[in-house]
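Engineer: The following block contains the structure, expressed as structure tokens.
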Amino acid sequence: MPTISYRLKTINHQLSSSPPLNACLNYGILLIIMMKASALAHPNIAFIKYWGMIDEDRRLPANDSLSMNIGCLSTRTAVTLDPQLSEDVLVLNGEAVSGTAQKRVQAFMDHIRQQADNPAYTLVESTNNFPIGAGLASSASAFAALALAGSTAFGLNLSEKALSSLARFGSGSACRSIPGGFVEWHTDPETGESYASSIVHPDHWKLIDCIAILSDEHKPVGSEAGMKTAESSPLQQTRVLDAPRRLEACREAILQRDFAALADITELDSNLMHAVMMTSDPPLFYWHPQSLALMKAVRAWRAEGLNAAYTLDAGPNVHVICTQDSMGEILSRLRHFPAVIDVITGLPAGPARLLT
Ligand code: PMV
């Protein structure tokens, strides 16, 4: 990493040109500076969703998935190693957080500590520019940024593949926020290799994700807990068995910039995931009545000739994917739609990156 090699050069220079005591002090100060890294990552919206795992310990998903990173939404995370700490400290949007969120971060940092063979605890400071826990994939950008900042702070120089593989231990979909643009997450159940890679760069197709916010409240059941019951739905096996066909159709639609084909397969896949959620034991209902009203409206708008398609993650908010020529009209309709409290827009975005 350029920042780190620059700092190492600075340390070497100071060690050779200063008296021993000063050198030690400089070394100590600079080493602490070096053990901090910051990164930014975008959330992603899946056209072909992941829901359910075949191996929870190895975090292997039941099916491959395909998504697009969402520009304008981002998480920025700084990780600082602190030998004084007896546990990881999490500060989220300026407030110290304990409980489940802190434990989840600490469990994730354990993977990094193990890889780096360094037991140090860390201060993790993270900010989001969008509501968290409301089905906007905040855990994807959060753990992608944490994987990059955390591994860099510990001096690991991981490849994109290794970072993506690591990020999925925080949140499955986080592995898709490491590479840029349109991204596929593949798994080989035999070898246990599971990571995401770009199929095309963000400029390939300037689709817009118009996110209609119906609620910015924290969802009662997060996706990590929710998907543990996926197998209890009699529909899950059918959904998973048909996933390779849907993924292929979706990839083709993106490569050909075929909006009609993308709309059909994206809506089908979203409906299938929610059908599994609603038929699991206990059933999970993430939609609000207005989510369904909006989904029906989007289909009617498409029948009128507008390029718009819906997809929903584990929350009530509706992602309306559209093309540039339809965006103005779609935005105006969304802003006037009953119960829509805000509309956030994002173009396809690049990969997770280090911040200096
Ligand atoms: O990344 P997780 O483990 O929080 O699961 C997210 C799953 C969905 O967002 C509902 C679907 C997906 O593929 O992004």
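Engineer: What is the sum of charges, Lys and Arg at +1 and Asp and Glu at -1, for the other residues whose Cβ falls under 10 Å from the Cβ of residue 50?
Structural biologist: On the way: positive: 49, 168, 176; negative: 64.
Taking every Cβ under 10 Å from that of residue 50, the sum is +2.
Engineer: Then there's this: Among rounded, prolate and oblate, which fits the stretch 188-235 when a ≥ b ≥ c are the square roots of the eigenvalues of its C-alpha gyration tensor, a/c under 1.5 means rounded, and a/b larger than b/c means prolate? Spell out each step's value before the answer.
Structural biologist: Details: a/c = 2.57, a/b = 1.06, b/c = 2.43.
Verdict is oblate for the stretch 188-235.
Engineer: On to the next question. P(r) for the chain: what percent of alpha-carbon pairs falls in each 10 Å bin, starting at zero?
Structural biologist: With a bin width of 10 Å, the distribution comes to 5, 25, 32, 22, 10, 4, 2, 0.
Engineer: Could you state the accessible area per residue of the stretch 36-355 in Å², with a 1.4 Å probe and every protein chain left in place? Present the calculation step by step, with values, prior to reporting the outcome.
Structural biologist: Numbers: 12890 Å² over 320 residues.
Here the per-residue accessible area is 40 Å².
Engineer: With the dipole of the chain worked out from charges on the C-beta (+1 for Lys and Arg, -1 for Asp and Glu) around the Cα centre, which of 211, 308, 155 lies farthest toward the positive end?
Structural biologist: Value computed over the given set: 155.
Engineer: Amide H neighbours of residue 48 under 5 Å, at least 5 residues apart or on other chains, H built in the peptide plane: list them.
Structural biologist: Counting only residues 5 or more places away or on other chains, the set is 66.
Engineer: Computing the accessible area with a 1.4 Å probe over protein heavy atoms, can you report the carbon and sulfur percentage for the stretch 128-271?
Structural biologist: Values: 2800 of 5350 Å².
Of all accessible area on the stretch 128-271, carbon and sulfur atoms account for 52 percent.
Engineer: Also: Could you give the size of the charge dipole of the chain about its Cα centre, using +1 on the Cβ of each K and R and -1 on the Cβ of each D and E, expressed in debye and rounded to the nearest 20?
Structural biologist: Working: 27 positive and 35 negative charges, 127 e Å.
For this selection, approximately 620 debye.
Engineer: Put +1 on the Cβ of each Lys and Arg and -1 on the Cβ of each Asp and Glu in the chain; which of 120, 46, 220 then has its Cα farthest toward the positive end of the dipole?
Structural biologist: Toward the positive end, the furthest listed residue is 120.
Engineer: Would you please give the FRET efficiency between residue 304 and residue 206, computed as 1/(1 + (r/R0)^6) with r the Cβ-Cβ distance and R0 = 25 Å, to the nearest 0.05?
Structural biologist: Numbers: r = 22 Å, r/R0 = 0.87.
So the FRET efficiency works out to roughly 0.70.
Engineer: At 0.36 nm per residue, minus the direct Cα-Cα distance, what do residue 110 and residue 325 gain on full extension? Give it in nm, one decimal, please. Write out the running numbers ahead of the final one.
Structural biologist: Numbers: separation 215, 0.36 × 215 = 77.40 nm, distance 4.68 nm.
Working it through step by step, the gained length comes to 72.7 nm.
Engineer: Can you list residues whose amide H is under 5 Å from residue 53's amide H, if they're 5+ apart or on another chain and H is modeled 1.01 Å from N?
Structural biologist: Placed amide hydrogens put 62 under 5 Å from residue 53.
Engineer: Also, I was wondering about something else. Could you state the number of Å between the C-alpha centres of the stretch 167-196 and the stretch 61-94?
Structural biologist: Computed from Cα coordinates, the inter-centre distance equals 15 Å.
Engineer: Roll a 1.4 Å probe over the protein heavy atoms and report the accessible area of residue 82 in Å², nearest 10.
Structural biologist: Rounded to the nearest 10, that gives 50 Å².
Engineer: Name the residues whose placed amide hydrogens come within less than 5 Å of the amide hydrogen of residue 200, ignoring near sequence neighbours (fewer than 5 apart) on the same chain.
Structural biologist: Correct list: 182.
Engineer: So if each residue of separation counts as 0.36 nm, and I subtract the Cα-Cα distance between residue 127 and residue 216, what length gain in nm does that give?
Structural biologist: On the way: separation 89, 0.36 × 89 = 32.04 nm, distance 1.62 nm.
Length gained, residue 127 through residue 216: 30.4 nm.
Engineer: Another question, then. May I ask you to rank 168, 59 by accessible area, largest first, using a 1.4 Å probe over the protein chains only? Don't jump to the answer; show the numbers that get you there.
Structural biologist: Working: 168 10, 59 35 Å².
Order by accessible area, largest first: 59, 168.
Engineer: By how many nm would the segment from residue 55 to residue 256 lengthen if fully extended, with 0.36 nm per residue of separation less the alpha-carbon distance?
Structural biologist: Result: 69.0 nm gained on full extension.
Engineer: Here is a further query. Could you please put 228, 206 in sequence from largest to smallest accessible area, using a 1.4 Å probe? Walk me through the intermediate numbers first.
Structural biologist: Working: 228 120, 206 95 Å².
Descending accessible area places them as 228, 206.
Engineer: If you average the sequence gap of Cα pairs under 8 Å that are 6 or more apart and divide by the length of the chain, what percent do you get for the contact order?
Structural biologist: Here the relative contact order equals 23 percent.
Engineer: Cα-Cα over 21 Å: which of 161/228; 228/296; 161/206; 103/219?
Structural biologist: Working: 161/228 26 Å; 228/296 29 Å; 161/206 25 Å; 103/219 19 Å.
Listed pairs above 21 Å: 161/228; 228/296; 161/206.
Engineer: On to the next question. Please give the residues of the stretch 158-176, grouped as numeric ranges, whose backbone N is less than 19 Å from a label point set 7 Å along the Cα-to-Cβ vector of residue 193.
Structural biologist: Residues 158-169, 175-176 qualify, since their backbone N sits under 19 Å from the label point.
Engineer: On the full set of protein chains, 1.4 Å probe, figure out the accessible area of residue 195 and give it in Å² to the nearest 10.
Structural biologist: Answer for residue 195: close to 60 Å² accessible.
Engineer: How do 251, 58, 246 rank by accessible surface area computed with a 1.4 Å probe, from largest to smallest? If you can, show how the numbers build up before the last one.
Structural biologist: Details: 251 65, 58 95, 246 0 Å².
Reading off the accessible areas and sorting them downward yields 58, 251, 246.
The values are calculated or read from the model by the stated rules, or taken from the named source; none is laboratory data. Source: prediction; values computed, not measured. Quick reminder, even Gly has a Cβ in these numbers, built from the backbone with ideal geometry, and neighbours come from all protein chains shown. For accessibility, only protein heavy atoms count, side chains too; no ligands or nucleic acids. Shrake-Rupley method; radii C 1.70, N 1.55, O 1.52, S 1.80 Å.
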